[in-house]
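Encoded as structure tokens, the structure appears first; notes follow it.
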Amino acid sequence: MSRFLIPLLIFASLIAVFVVGLGRDPSELPSPLLEKPAPQFDLPSLLDPEQRVTTQDISGEVSLVNVWATWCVGCRQEHNFLLQLSKADVLPIYGLNWRDNGPEARRWLQQLGDPYVATAYDQDGRVGIDWGVYGAPETFLIGADGTVLYKHLGPLSWGLWEENFVPLLKAQGQLQ
Amino acid sequence: MRKLLGMLTLLALAMPAIAIDDIQAFDDPELQARYEEIISEVRCLKCQNQTIKDSNAFLAGDLRREIRRMLEEGFSDKEIYDFLVERYGEFALYRPRTSGKTLILWIAPGLLLLGGIAVLGGVLRKRMNMPIDEDGA
């Protein structure tokens, strides 16, 4: 009996590892920025290139930094959610327009609506590298003290918001 | 016929020139060599099974540009790898570094090999003790 028991156990544990492994999305990588201060940036504003949008602007309260671009399909998908969230007035949303075309990005906000308090224009992707961005949309939750609390990959929705962001916001005392 | 075959074989072996960036990055051959080495060790996070040397995703282009800048500014290879790991995590490197977190990747193959040898040894020893069946049935 024990002759078969040990190989069987090894086989079963291997299967367990595979089942867990297959359920994972390999494109979802943990961000090394979590629990660390948000990377500094100082970029021109998308809407008014005379103005700057900097790390100072996003600190002081819990906020979202949403990485988007007009070429990004997922960004269009989550845009309505972002508009609703900004209307719900839960927290300020900042945009990081990544690797995009300025005039097109401005047109996008005019046509679809602008959920952002301010949008930084990262034309050459240099700030994107500092933030470890590798695919839009990405959304960072930044604490009042400026640390990165969470990073979400892919388009957001109310379901994902409730599941991933709300518990963190409650822990921050931002939501009841 | 033979000649034709030979020519076809040669044609099949011909490779198109592979160049992601049109221009050579550095005039200095030493810097160019370091550059080539680094970009063939870094994973393109957008297209995970390609190095940034092979990928034409714009993220890979951005990272190559950043690495060129750092080499020009005199950063060491280690500083450049650290820069990438800080932002994208250990996964950005094709050759994970030995650290607490990645130790298992380095020792697991050795342990598995030793385990296999032990099992094999056990089986062989058991077989050696078996009586030899003279009939060969």
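The values are calculated or read from the model by the stated rules, or taken from the named source; none is laboratory data. Everything numeric here is computed off the predicted structure, so don't read it as measured data. Using ideal geometry, Cβ is built from the backbone for each residue, glycine included, and neighbour counts are taken over all protein chains shown. Note: areas computed on protein heavy atoms with side chains; ligands, DNA, RNA excluded. Shrake-Rupley method; radii C 1.70, N 1.55, O 1.52, S 1.80 Å.
In the set (1) open to solvent by less than 80 Å² (accessible area, probe 1.4 Å); (2) at pLDDT below 90; (3) within 30 Å of residue A:138 (Cα to Cα); (4) part of a loop (DSSP other than H, G, I, E, B), residue B:136 fails one condition alone, (3).
For segment A:75-87, the criterion of being free of Cβ contacts under 8 Å to residues at least 60 places away in the same chain, closer than 27 Å to residue A:174 by Cα and crowded, with 19+ Cβ neighbours inside 10 Å is met by at least one residue. Within segment A:49-69, the presence of at least one residue that is within 14 Å of chain B (Cβ to nearest Cβ) and open to solvent by less than 20 Å² (accessible area, probe 1.4 Å) is confirmed. Quick check on segment B:62-103: of everything there that is touching a strand residue (DSSP E or B) at 6+ places or on another chain (Cβ under 7 Å) and assigned to a helix (DSSP H, G or I), which residue is surrounded by the fewest Cβ atoms within 10 Å (Cβ to Cβ)? Step by step, filter segment B:62-103, then rank; the result is B:91. Exactly one residue out of B:31, B:59, B:5, B:45 is surrounded by fewer than 11 Cβ atoms within 10 Å (Cβ to Cβ) and not polar (S, T, N, Q), and it is B:5. For segment B:40-55, the tally of residues that are touching a strand residue (DSSP E or B) at 6+ places or on another chain (Cβ under 6 Å) and at the interface with another protein chain (Cβ under 10 Å from one of its Cβ atoms) stands at 0. Filtered by the rule that a residue be open to solvent by less than 90 Å² (accessible area, probe 1.4 Å), touching a Ser or Thr at 6+ places or on another chain (Cβ under 9 Å) and not hydrophobic (A, V, I, L, M, F, W, C), segment A:8-41 gives a lone residue, A:39.
Here is a yes/no grid of residues against (1) more than 13 Å from chain A (Cβ to nearest Cβ); (2) of a type in the set (D, E, K, R):
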position: B:57; (1), (2): no, no
position: B:61; (1), (2): no, no
position: B:70; (1), (2): no, no
position: B:83; (1), (2): no, no
position: B:91; (1), (2): no, no
position: B:97; (1), (2): yes, yes
position: B:111; (1), (2): yes, no
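Of all residues assigned to segment A:139-160, none qualifies as being within 13 Å of chain B (Cβ to nearest Cβ), open to solvent by 20 Å² or more (accessible area, probe 1.4 Å) and of a type in the set (Asp, Glu). The condition (being basic (Lys, Arg), out of contact with any Leu (no Cβ under 6 Å at 6 or more places or on another chain) and modelled with pLDDT of 90 or more) is satisfied by just one residue among A:52, A:3: A:52.
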